[in-house]
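The values are calculated or read from the model by the stated rules, or taken from the named source; none is laboratory data. As the structure is a computational prediction, the values presented were derived from the model and not from experiment. Quick reminder, even Gly has a Cβ in these numbers, built from the backbone with ideal geometry, and neighbours come from all protein chains shown. Ligands, DNA and RNA are excluded from the accessible area calculation, which covers all protein heavy atoms including side chains. Shrake-Rupley method; radii C 1.70, N 1.55, O 1.52, S 1.80 Å.
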Amino acid sequence: GAGVSQSPSNKVTEKGKDVELRCDPISGHTALYWYRQRLGQGLEFLIYFQGNSAPDKSGLPSDRFSAERTGESVSTLTIQRTQQEDSAVYLCASSRLAGGPVGELFFGEGSRLTVL
Amino acid sequence: GENVEQHPSTLSVQEGDSAVIKCTYSDSASNYFPWYKQELGKRPQLIIDIRSNVGEKKDQRIAVTLNKTAKHFSLHITETQPEDSAVYFCAASGGQAGTALIFGKGTTLSVSS
């Protein structure tokens, strides 16, 4: 596609429910990143994919968070048993380069998650 | 892993003044240092980047300097304009393949006319 696409754009859920956030990267981009941005805060790294493997998942805050990627395509970030502190915008980004010096990241519009 | 510190968290300048944002990083093997601009309600976008084989890079009114010995890099914006108002993020990438891009916490720049 023309850019990184994320869905849903907005998600309101109740505490304790599971949510799935989807990211469709730019075609041909081998690297894919997930970041979390709380209101007025910075970009908190969650996980990084090269192809469908995740060389760096050090940013996942707890075992309630998991992510997977199919080939060099769609990625899904799953949050189980959501808590109010999970409320944030979840940003996905993709990059053409992988396995060496990082290239420009192209960000999606983000998925805004609100946990009541 | 990599840790990036960014200062100041907020910066207010008058139109036409210069603005400087500074970042330090922890991983001496890092070799890629981009800067992203995020306007209110929008996605971050790359504005300039520098790799460790150069010390300075300039693009019109913006420039970035890198001091690998001290492990810090800076963004300089000259002749600021109101449309420069945004949140600016620095980032660093660990030197090994397969390491992620880690961002600083951001600087909110306000340019008043």
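Across bins of 10 angstrom width beginning at 0, how are the C-alpha pair distances of the protein assembly as shown distributed, in whole percent?
The calculated distribution, bin by bin, is 8, 33, 35, 19, 5, 0.
Pull out a ≥ b ≥ c, the square roots of the eigenvalues of the alpha-carbon gyration tensor of chain A, then state rounded if a/c is under 1.5, prolate if not and a/b is larger than b/c, and oblate in the remaining case.
prolate
Hey, what's the per residue convex hull volume over the C-alpha atoms of chain B, in cubic angstrom?
94
How far is it, in nm, from the label point at residue B:58 to the one at residue B:83 when both lie 7 Å from their Cα along the line to the Cβ?
Going from the residue B:58 label point to the residue B:83 one covers 2.2 nm.
For each pair in A:15/B:37; A:11/B:42; B:42/B:68; A:57/B:58; A:57/B:105; B:37/B:57, compute the distance between the two Cα atoms and list the pairs where it is over 26 Å.
A:15/B:37; B:42/B:68; A:57/B:58
In nm, to one decimal, how far is the modelled label at residue A:52 from the one at residue B:112, with both set 7 Å along Cα→Cβ?
Reported label-point gap for residue A:52 and residue B:112 is 5.6 nm.
Rolling a 1.4 angstrom probe over the protein chains, ignoring ligands and nucleic acids, what is the accessible area of residue B:87 in square angstrom, nearest 10?
40
Using +1 at the Cβ of each Lys and Arg and -1 at the Cβ of each Asp and Glu in the protein assembly as shown, identify which of B:40, B:30, A:52 lies farthest towards the dipole's positive end.
The residue sitting farthest along the positive end of the dipole is A:52.
Under unit Cβ charges (Lys, Arg +1; Asp, Glu -1), what dipole magnitude, rounded to 20 debye, does the protein assembly as shown have relative to its Cα centre?
With Lys and Arg at +1 and Asp and Glu at -1, about 260 debye.
Dipole magnitude of chain A about its Cα centre, charges +1 at Lys/Arg Cβ and -1 at Asp/Glu Cβ only, in debye to the nearest 20?
180
Kindly identify the range A:9-69 as rounded, prolate or oblate by the Cα gyration tensor criterion: order the square roots of the eigenvalues as a ≥ b ≥ c, call it rounded if a/c is under 1.5, otherwise compare a/b with b/c, prolate if a/b is larger, else oblate.
prolate
Could you pull out every residue, at least 5 positions away or on a different chain, whose amide H is within less than 5 Å of the one on residue B:30? Hs are placed 1.01 Å off N in the peptide plane, and Pro or chain starts have none.
Result for residue B:30 returns B:95.
Given B:74, A:12, A:29, which one lies farthest toward the positive end of the charge dipole of the protein assembly as shown, if we put +1 on the Cβ of every Lys and Arg and -1 on the Cβ of every Asp and Glu?
Farthest towards the positive end: A:12.
Checking the a/c ratio against 1.5 first, then a/b against b/c, what shape does the Cα gyration tensor give for the range B:53-111?
Judged from the Cα gyration tensor, the range B:53-111 comes out oblate (a/c at least 1.5, b/c at or above a/b).
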